[in-house]
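Structure first, commentary second.
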Amino acid sequence: MEALKVHTILEVLGRPAENVTDALKIIVDKMKAEKELKVVSYNIHEPVPVKDSQDLFTSFVEVELELPSLNHLFSFLFVYMPANIEISYPEKINISNQDLNQMTNQLMHRMHQYDAIAKNALSEKDFLMKKLYEVAPHLFKQNPNTNQVIDQSKEQKKESKKPKSKKKKK
């Protein structure tokens, strides 16, 4: 397969403005260091203040790349999470079943990893909310979004306070 020519945009949000520019430079340097990734050109744009924010800035870098295969393109997408991507060459791509299977399995593997991370984070959040409610319930009276966690925590407290039946000895 011929090398893919790709134009992509990567965005960064942060503070102060200098850190945003530095972060984009680090990203481009990381790309340049990769063996299978050829950075043809890039243009880092000046940071601009984020609307309705006091001290956040945003900026982006336009990068032209060459990648040896679609597999490398998918890897690039997962590693760098670009905001936009355009394959400019070749105009038509032929792909074998084997290559397509490999790419889709790689995609599904990543999606399962992200799903597990998200589920774990939600579970930990619920656990922490329950514990926080136990030690500081007054913090929850003003926030209707925590009702589900509160209700679950109250049920668990009721269950734990119920007297346990004792078996009678004969």
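The values are calculated or read from the model by the stated rules, or taken from the named source; none is laboratory data. Every value quoted in this text rests on a predicted model; they were computed, and no experiment measured them. Backbone-built Cβ (ideal geometry, glycine too); neighbour counts: all protein chains shown. Side chains included, ligands, DNA and RNA excluded: accessible areas come from the protein's heavy atoms. Shrake-Rupley method; radii C 1.70, N 1.55, O 1.52, S 1.80 Å.
Quick notes
- Modelled FRET efficiency - R0 35 Å, ASN84 with GLU2, Cβ distances, 0.05 increments: 0.95
- Cβ-Cβ distance of SER41 and LYS92, R₀ of 30 Å, FRET efficiency by 1/(1 + (r/R0)^6): the value works out to about 0.80.
- Estimated dipole of the stretch 1-86 in Debye, rounded to 20 [Cβ of Lys and Arg +1, of Asp and Glu -1, Cα centre]: 160
- Rounded to the nearest whole Hz, the Karplus-based 3J(HN,Hα) values (6.51 cos²θ - 1.76 cosθ + 1.60, θ = phi - 60°) of the stretch 107-123 follow the sequence 4, 5, 4, 5, 4, 5, 4, 5, 4, 5, 5, 5, 5, 5, 5, 5, 5, with x at glycine and proline.
- Three-way shape label, the stretch 84-138, alpha-carbon gyration tensor, a/c 1.5: oblate
- Less than 5 angstrom separates the built amide H of LEU56 from those of VAL50, all sequence-distant by 5 or more or on a different chain.
- FRET efficiency estimate (nearest 0.05) - Cβ-Cβ, GLU11 to ASP115, R0 35 angstrom: 0.90
- The listed peptides 63-71, 128-136, ordered by packing as a protection proxy, come out as 63-71, 128-136 (highest mean of other Cβ atoms within 10 Å first).
- Remark: the stretch 36-42, residue by residue, has Karplus-estimated 3J(HN,Hα) of 8, 10, 10, 7, 7, 7, 7 Hz, where x stands for each Gly or Pro and the curve is 6.51 cos²θ - 1.76 cosθ + 1.60 at θ = phi - 60°.
- Prolate/oblate/rounded label for the stretch 1-128 (Cα gyration tensor, a/c 1.5): oblate
- Rolling a 1.4 Å probe over the protein heavy atoms gives the stretch 59-117 an accessible area of 67 Å² per residue.
- Shape category assigned to the stretch 12-67 from the gyration tensor of Cα positions, a/c cut at 1.5: prolate
- What the phi angles of the stretch 124-129 give under the Karplus curve with 6.51, -1.76 and 1.60, with θ = phi - 60°, is a coupling list of 5, 4, 4, 4, 5, 5 Hz, glycine and proline written as x.
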